[in-house]
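Take a look at the structure set out below.
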Amino acid sequence: MPPRPFVLAEANWKSVKDTAYEVAILPWGATEPHNYHLPNSTDNYETTALAERAAEFAWKKGAKVVALPTVPFGVNTGQLDLRLAINMNPSTQLAVLTDVATSLAGQGVKKLLVLNGHGGNDFKQMIRELQATVDIFICTINWWTCVKGADYFDEPGDHAGEMETSLMMSLVPDLLRPLPEAGAGKARKFKVAGLRDGWAWAPRHWREVTDDTGTGNPAAATAAKGEKFLQAVTERIGGFLVELAAADLSDLYE
Ligand SMILES: [Zn+2]
């Protein structure tokens, strides 16, 4: 396959030097256990695929966008006692994001999308802080919120459930253990009512929440459901990229 100009890891200086890229996409995942049946880089596989597919969608419509290499480590402070879950603290993430954004800003790229694929990552406050100091428009998408999971899955699940398992069946089927080997992905709720009902919040200690590291039942997952969802999210983010690439930064408001 020839290098794709909208995937930075494949692109070369010959094409990059003459392309006026409007939008860079920074996919950001995590490295953590995903029940017994999914690989530890599940979030990275998913988010990389969506960044590249959305970039391709936009590129074919004439938008000059590029997917950067994926940052593979997320905030996993609640999983530090799970072997080989690798934590990157929010303060470190801000330092990484600052360096990437500053590089791009100095090279004339005017817009940056942080495409987040891990529930423990939250880029909003970092962007609020960074936006005041770097001359590049920064926005973020949690890709699992782009379309309604309930329209595609019986029970989407939160982590390594039907949605993530379906996506991985579609993307990298050879890396999955057979479904009967997966745990049920049963999640224990907080006893304190406010935390349980979601209007109060605290990070969860994963080992106490779940026995198999999953939160969500993967049993009804299929590759076909995964592909359908991937396509819908691709079109959603791809359409956003087309619009963002064309947007006039001095005239963003109605
Ligand atoms: Zn995940």
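With θ set to phi - 60°, apply the Karplus curve 6.51 cos²θ - 1.76 cosθ + 1.60 along region 156-161 and write out the HN-Hα couplings as whole Hz, x wherever there is a Gly or Pro.
x, x, 9, 9, 6, x
Using θ = phi - 60° and the Karplus curve 6.51 cos²θ - 1.76 cosθ + 1.60, what whole-Hz ³J(HN,Hα) does each residue of region 219-229 get, with Gly and Pro shown as x?
4, 8, 5, 9, 5, 5, 4, x, 5, 4, 5
Let's test this: bin the Cα-Cα distances of the chain at 5 Å from zero up to the farthest pair and state each bin's percent.
With a bin width of 5 Å, the distribution comes to 1, 6, 13, 16, 18, 16, 13, 9, 5, 2, 0, 0.
Out of residues 5 or more away from Ala67 or on other chains, whose amide H comes under 5 Å of its own, with H placed 1.01 Å from N in the peptide plane?
So Ala67 has HN proximity to Val7, Leu8, Ile25.
When the chain is fully extended, how far beyond the present Cα-Cα distance does Thr92 get from Leu249, taking 0.36 nm per residue of separation?
53.7 nm
In whole Å, what is the distance between the alpha-carbon centres of region 2-24 and region 193-254?
27 Å
In debye to the nearest 20, how big a dipole does the chain give about its Cα centre with +1 on each Lys and Arg Cβ and -1 on each Asp and Glu Cβ? Intermediate results must be reported in sequence, preceding the final value.
Values: 24 positive and 31 negative charges, 23 e Å.
Here the chain has a charge dipole of around 120 debye.
Quick check on packing: order 211-218, 117-124 by the mean number of other C-beta atoms within 10 Å, highest mean leading.
Working: 211-218: 22.0, 117-124: 19.9.
Answer by packing, highest mean first, reads 211-218, 117-124.
Note down the relative contact order for the chain as a percent, whole number, built from C-alpha pairs under 8 angstrom at least six residues apart.
Numbers: 480 pairs, mean separation 61.9, N = 254.
Relative contact order of the chain: 24 percent.
Give the relative contact order (percent, whole number) for region 65-150; include only Cα pairs under 8 Å separated by 6+ residues.
On the way: 79 pairs, mean separation 22.5, N = 86.
Computed value for region 65-150: 26 percent relative contact order.
Rounded to whole Hz and in sequence order, give me ³J(HN,Hα) for region 235-252 from the Karplus expression 6.51 cos²θ - 1.76 cosθ + 1.60, θ = phi - 60°, writing x for Gly and Pro.
Once rounded to whole Hz, the list reads 5, 5, 6, x, x, 4, 5, 4, 5, 5, 4, 8, 5, 8, 5, 8, 8, 8.
According to a simple spin-label model (label point 7 Å from Cα along Cα-to-Cβ), what is the distance in nm between Arg207 and Thr145?
A separation of 3.1 nm, rounded to one decimal place.
Tell me which lysines have Cα within less than 23 Å of Lys111's Cα, excluding those fewer than 8 residues away on the same chain?
By straight Cα distance, Lys111 reaches Lys14, Lys17, Lys60, Lys61, Lys64, Lys124.
Sorted by mean Cβ packing within 10 Å, highest first, what order do the peptides 168-181, 136-149 take?
Working: 168-181: 14.4, 136-149: 17.6.
By packing density, highest mean first, the sequence is 136-149, 168-181.
When the chain is fully extended, how far beyond the present Cα-Cα distance does Asp99 get from Lys64, taking 0.36 nm per residue of separation? Don't skip to the end; give the middle numbers.
On the way: separation 35, 0.36 × 35 = 12.60 nm, distance 2.18 nm.
10.4 nm is the gain from fully extending Asp99 to Lys64.
Would you calculate the volume per residue, in Å³, of the smallest convex hull containing every Cα atom of region 75-176?
On the way: hull volume 14.4 nm³, N = 102.
Spread over its residues, the Cα hull of region 75-176 gives 141 Å³ apiece.
A short reminder: the numbers here are calculations on the coordinates, not readings from a lab. What you see is a predicted model; the values in this text were computed from it and never measured. In this analysis, Cβ positions are derived from the backbone assuming ideal geometry, glycine residues included, and neighbour counts consider all displayed protein chains.
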